Amino acid sequence: MKLKLILALLCSLTMFSQENTQSFSLKEAINYALDNNRTIKNADLNILAAKKQVWETTARGLPQVNGAVDYSINIKTPFDIEMFPEDSPFRFMFPKHNLTPSVTLNQLLFDGGYIVGLQSNKVFLEISQNAKDKTVNEIETNVVSAYNNALLTKESIAITKNNIKVLADNLKETQKIFENGLTEEEDVEQLQLTLSSLENNLRSLETLHELSKGYLKILLGINQTETIELKDTLESLILENISLNLISDSHEVSNNIDYKIAVNDVESKRLEYKLEKSEQLPKLNAFVSSNYLGYSNSASTYFNREQDWLFTTIGGFKLTVPIFSSFGGKAKRERAKIQWDIAKNNLVDTENQLSIEFRNAKNEYQLAIDTYGNKQKNLALAEKIEKKNIIKYREGIASSFDLRQAQIQLYTSQQEYLQAIIDVINKKATLKNLLNIPN
């Protein structure tokens, strides 16, 4: 019974562990990050806040209704009210308590700043949306890089384990030969040295693998306690990420998100300058106010139906005309114009810089593809050389030093080949980020 209970518990724990393991291809990881990454969620909240602020600006020109209640008490009067009879006009002139509830309607009729504010709403929303698009591009690129780093360490671990297995077999065979007196002890030591180096490298790779998956979890918005697995392999990804059309096709700088942000900056600075100019225009407001005036020598009478109330309604207009501000307004306008000119210069610089970055990114992507082809050939040669040296070593033609050199060359070629794949994928992601193309 105890054995059955233990087996049932182990099965349940295994099933629980599997249920909490999430597997992702690179494309699935990107899509998951777009839905769950906290930085992107904050960008969505910023857009929502921008929409609320747009309505806040719009509402400033719509009718505003305010209520008020004014209460005052005459602590000291010119003479004692109580000495006059109840119907005396003097009691009316200096009542002890005054209560005035009122409702006021204000309506903006003309304000140049309000008109500019309405024009700015569209630009303000575009700024928030472009900021989100930039965040999305950066998160996509970071996910690609993090996924590839995790995949690189994962496949490096698999290769290193295989190398250790092959080397351990060679070492076991060499030890037997040494025990039979057919080889020198140095041959055994050379292989032991290489094996020790591989085992240390394996431990380092396993640590790096966990760290790289931890960073990927952060980008995906997944808790560190959860487990993730990577579906793709570097071999499958390289086939998907060699696209010469990205290099040969022409692309407009205006599609780049940084260029759009620079355009937004120019437009916002233009509107700020226009806003400062509008401050020279008059402002016109209309208002209507209704008041109930209540007088009493006792505060308790305000709650009686017999209390007398005087109802009044007044309406009017308020015209504000700027006349002289000691040249402060002129300084603001000139400063806004300077900021607008700076933004226009920055736009030109951004366009020129992006043109250079486009060419550089395409060149680096092409170079990464060429390097990948070269490293692929080098790996095949290194594998061939290592196999030949193993045969020569077993036949006594090659020394243990020659074999070790061939093995180190193979291990280096393996890592360079994997890194070449990573470079192709990352360079493509960088190029697509510049071109504002979703990964």
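Go through segment 110-153 and give me each residue that's within 26 Å of Asp423 (Cβ to Cβ), of a type outside the set (A, V, I, L, M, F, W, C) and surrounded by 17 or more Cβ atoms within 10 Å (Cβ to Cβ). Passing the criteria: Lys134, Thr135, Asn137, Glu140, Thr141, Asn142, Ser145, Tyr147, Asn148, Asn149, Thr153. Only one of the numbered conditions (1) under 30 Å from Leu237 (Cβ atoms); (2) modelled with pLDDT under 90; (3) of a type outside the set (S, T, N, Q) is violated by Leu191, and that is (1). In segment 371-385, what residues are open to solvent by 30 Å² or more (accessible area, probe 1.4 Å) and either under 22 Å from Ser196 (Cα atoms) or of a type outside the set (S, T, N, Q) (or both)? Within segment 371-385, Lys375, Lys377, Ala380, Leu381, Glu383, Lys384, Ile385 qualify. Taken over segment 386-439, the residue count meeting the criterion of being within 15 Å of Glu140 (Cα to Cα), in a loop (DSSP other than H, G, I, E, B) and open to solvent by less than 60 Å² (accessible area, probe 1.4 Å) is 3.
Scanning segment 297-330 for residues that are in a strand (DSSP E or B), surrounded by 11 or more Cβ atoms within 10 Å (Cβ to Cβ) and at pLDDT below 85 gives a single hit, Trp309. Checking each residue in segment 174-183 for being exposed (fewer than 14 other Cβ atoms within 10 Å of the Cβ) and at negative phi picks out Lys176, Glu179, Asn180, Leu182. Checked against (1) surrounded by 16 or more Cβ atoms within 10 Å (Cβ to Cβ); (2) of a type in the set (Gly, Ala, Ser); (3) part of a helix (DSSP H, G or I), Gly294 passes all but a single condition, namely (3).
The values are calculated or read from the model by the stated rules, or taken from the named source; none is laboratory data. Quick caveat, the model's predicted, so the values are computed rather than measured. Cβ: placed from backbone, ideal geometry, glycine included. Neighbour counts: every protein chain shown. Areas reflect the complete protein model, heavy atoms only, side chains present, ligands, DNA and RNA absent. Shrake-Rupley method; radii C 1.70, N 1.55, O 1.52, S 1.80 Å.
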